[in-house]
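Asks: If you scroll down you'll find the structure; I have some questions about it.
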Amino acid sequence: MTESHESNQPLELVPLPGSERQPAPGVRPAAHPLARETAVEATLVLRRAGAADPAALAGGDAAPLPPAEFAARFGASAADVELVTSTLAGLGLTIIETDPASRRVRVSGPVSTIDRVFGTALEAASSEGADGSRVTHRHRAGSLSIPAVLAGVVTAVLGLDDRPQARAQFRVAEAHATSVSYTPVQLGEIYDFPAGTDGAGQTVAIIELGGGFAESDLDAYFGGLSIQTPDVRAVGVDGAVNEPGKDAQGADGEVLLDIEVVGGLSPRASILVYFAPNTDAGFLDAVATAAHATPTPAAISISWGQSEDEWTAQARTALDDALLDAAALGITVTAAAGDNGSSDSAAGGANHADFPASSPHALACGGTRLEASGTKVTSETVWNNGVGNGATGGGVSDVFALPAWQRSAGVPASPTRGGGRGVPDVAANADPQTGYEVLVDGKRAVYGGTSAVAPLWAALVARLVQSLGSPLGLLQPKLYELSSGLRDVTVGNNGAFAAGPGWDACTGLGVPSGTALLAALKASHPAASSLSAEASLPSEASRPSATSRASGNSLASPGRPVVQSADLADELRSIRAIGEDR
């Protein structure tokens, strides 16, 4: 079908609810206009085949659904997939892929066709990124439309405007400001991760919206900790790939921090790193791909986010639905609560929660400042280094209602009628001044931020699941029922909110005491605890072979010998001198 023929045909469109998008901050036309023949890819989200009750599907006592059953009951129906694909193909778009289980259809087409089918006007523009730099991207403002025949069937159209959707929630310590630092192994001891567990037989998925990792960094880092390099594989989503060595102070740092924390704390777990474009479509597609992967991961770690009001309603809902999918399938999703205090760096300084941490289907992870002697904690307070210098996110959602399991927690009232969900749920060390010793693009550094807390909790979940012998899924309802397993943090504030006894909008319920938490979970769910930890340990024969690990995107192999590096270990322990390497 030619463009001239296509554009002459009548096309009835209807508005797509929730697609309204504000102009990007500081937007202005790009130096070169967007050619009408430029190819654009988009992700369409379809309605569920059957209505899903979140409380029943992912409540505290809900049993995980087998993937095939979930897809049949709560994926997209075959009839809806056929209607969408045939309609869009008939209008000149190319169907890239369909995934009924996660209710997604990927399409592509030239700008001219995309504009016509979705009732928009894409243009090339530049705007201010989260870090203040100028970024060039496709841009749209206002609402989208869809062909009338798809009304009620298509619930979101994402990726047309490809401005950066999220920011990494980490901070690099200045050498002169670092008072103490820890390896992940040391933090596992301080937080008393359960003995006899190492994540064996479990998979942890990590979501990354940029950057990459090199095998040499992993070998050197884990060798310095006398840990065998974990099984780490890269998975590309929407054309993104593992690209190390290009952004040591940005996305590479996030990627290496996440892998090194998970691998240091859960070294026998398989780690899958999902790389996707930093767009609303890329974020959704990465989470959905990880949630519906085989084998089903025990945990998904997300260290990227953005203030709730920087998302379109359709994108927020679509990603929240993907997190609901994960919980229903037995996956615990951990998400960083933000590194910019109670305002989440929003203009005007008003309180804002960070999404996806504010989703009720994510375990929101806040941050502390930790000082310890050996394994004994001498002080742990809310992380807050002052305005502009980093502080744990936290507060009350403007868009997600107060969950049933938080009703007795004392969450402050939401300023909006539809909000109420309190953030965070839990916490751990995040202050870069007491941060994590990492190796990024060959250089040693100390990192902090709630970006480190999400993978710490994901690694703990993998070890808990290993011991329990069954997945934890939506962990929050269980945690809010417990009277032990979490150590309360009662000193400090993140701006508008102060810590105190019990739950607070700075550190949630507190930091983990891993052995006690495992015992409490076993006591509250005796059926699960009857399965022995040994039953969850795979035999060596069942673990991926060196050949299979090296295929595809695999970039690390647990079959390699440990790289012994005494020099690196010594330097990691004396990291205060790190500024000389940066």
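The values are calculated or read from the model by the stated rules, or taken from the named source; none is laboratory data. Since we're looking at a predicted model, the values are computed, not measured. Heads up, the Cβs are rebuilt from the backbone with ideal geometry, glycines too, and the neighbour counts pull from every protein chain shown. SASA here: full protein model, heavy atoms, side chains in, ligands and nucleic acids out. Shrake-Rupley method; radii C 1.70, N 1.55, O 1.52, S 1.80 Å.
Asks: If DNA, RNA and ligands are ignored and the probe is 1.4 Å, what is the ranking of Arg106, Arg167 by accessible area, most exposed first? Could the numbers behind the result be given before it?
Replies: Values: Arg106 15, Arg167 35 Å².
Heavy-atom accessible area, descending, gives Arg167, Arg106.
Asks: Taking 0.36 nm per intervening residue step and subtracting the Cα-Cα distance, what contour gain separates Ala35 from Ala498 on full extension?
Replies: Computed gain between Ala35 and Ala498 is 161.5 nm.
Asks: Give, in nm to one decimal, the length gained when the segment between Ser408 and Glu243 is fully stretched (0.36 nm per residue of separation minus the Cα-Cα distance).
Replies: 54.8 nm
Asks: In addition: With every protein chain present, what accessible area does Trp311 have (1.4 Å probe, heavy atoms only), rounded to the nearest 10 Å²?
Replies: 20
Asks: Once you list every other residue whose beta carbon is under 13 Å from the beta carbon of Ala362, what net charge do they have if Lys and Arg are +1 and Asp and Glu are -1?
Replies: Values: positive: Arg316, Arg421; negative: Glu308, Asp320, Asp321, Asp325, Asp354, Asp425.
Charge balance near Ala362 sits at -4.
Asks: R0 = 35 Å: FRET efficiency of Glu481 with Glu20, Cβ-based, nearest 0.05? Let's see the in-between values first.
Replies: Values: r = 39 Å, r/R0 = 1.11.
According to the calculation, E is roughly 0.35.
Asks: Say each of Val387 and Val135 gets a label point 7 Å from the Cα, pointing the same way as Cα to Cβ; how far apart are those two points in nm?
Replies: About 2.6 nm, to one decimal.
Asks: Could you work out the mean projected area of the convex hull around the alpha carbons of the chain, in square nanometres to one decimal?
Replies: 25.1
Asks: A follow-up question, please. What share of the DSSP beta bridges in the chain is antiparallel, in percent to the nearest 5?
Replies: On the way: 54 of 83 bridges.
For the chain, the DSSP antiparallel bridge percentage is about 65.
Asks: Of the listed peptides 280-289, 195-204, what is their order by residue-averaged count of other C-beta atoms within 10 Å, with the highest listed first?
Replies: For the peptides 280-289, 195-204, the packing ranking is 280-289, 195-204.
Asks: If you roll a 1.4 angstrom probe over the protein chains with everything in place, what fraction of the accessible area of the stretch 265-346 belongs to carbon and sulfur, to the nearest %?
Replies: So the carbon and sulfur contribution to the accessible surface is 47 percent.
Asks: Measuring from a point 7 Å past the Cα of Ala401 along Cα-to-C-beta, which residues in the stretch 46-79 have an amide N at less than 18 Å?
Replies: Answer for the stretch 46-79: 51-60.
Asks: Let me ask something else about it. For the stretch 361-416, state which trypsin sites (Lys or Arg not before Pro) are in a DSSP loop and have at most 12 other beta carbons lying within 10 Å of their beta carbon.
Replies: Values: sites: Arg369, Lys376, Arg407; in loops: Arg407.
The qualifying sites are Arg407.
Asks: Between Lys522 and Lys376, what length in nm is gained on full extension when 0.36 nm per residue of separation is reduced by their alpha carbon distance?
Replies: Working: separation 146, 0.36 × 146 = 52.56 nm, distance 2.53 nm.
Computed gain between Lys522 and Lys376 is 50.0 nm.
Asks: In addition: At a 1.4 Å probe, what is the % contribution of carbon and sulfur to the accessible area of the stretch 454-515?
Replies: Percent of accessible area from carbon and sulfur atoms in the stretch 454-515: 53.
Asks: What does the net charge come to around Arg103 if you take all other residues with beta carbon closer than 15 Å to its beta carbon, with K and R at +1 and D and E at -1? Could the numbers behind the result be given before it?
Replies: Working: positive: Arg47, Arg48, Arg73, Arg104, Arg106; negative: Asp80, Glu82, Glu97, Asp99, Asp285, Asp320, Asp321, Asp325.
Charge balance in the 15 Å sphere: -3.
Asks: Moving on. Over the stretch 355-472, what relative contact order in percent results from Cα pairs under 8 Å that are six or more residues apart?
Replies: Relative contact order for the stretch 355-472 comes out at 27 percent.
Asks: Round to a whole number: what % of the accessible area of the stretch 61-147 belongs to carbon and sulfur, probe 1.4 Å?
Replies: On the stretch 61-147, the fraction of accessible area on carbon and sulfur atoms equals 54 percent.
Asks: Among Thr375, Thr368, Thr155, what's the order by accessible area (1.4 angstrom probe), most exposed first?
Replies: From most exposed to least exposed: Thr375, Thr155, Thr368.
Asks: Do you know the relative contact order of the chain, to the nearest whole percent, from alpha carbon pairs under 8 angstrom that are 6+ apart? Spell out each step's value before the answer.
Replies: On the way: 1523 pairs, mean separation 100.5, N = 582.
Across the chain, relative contact order equals 17 percent.
Asks: With a 1.4 Å probe and all protein chains left in place, how much accessible area per residue does the chain have, in Å²? Kindly include the intermediate steps, with their values, before the conclusion.
Replies: On the way: 20990 Å² over 582 residues.
In whole numbers, the chain has 36 Å² accessible per residue.
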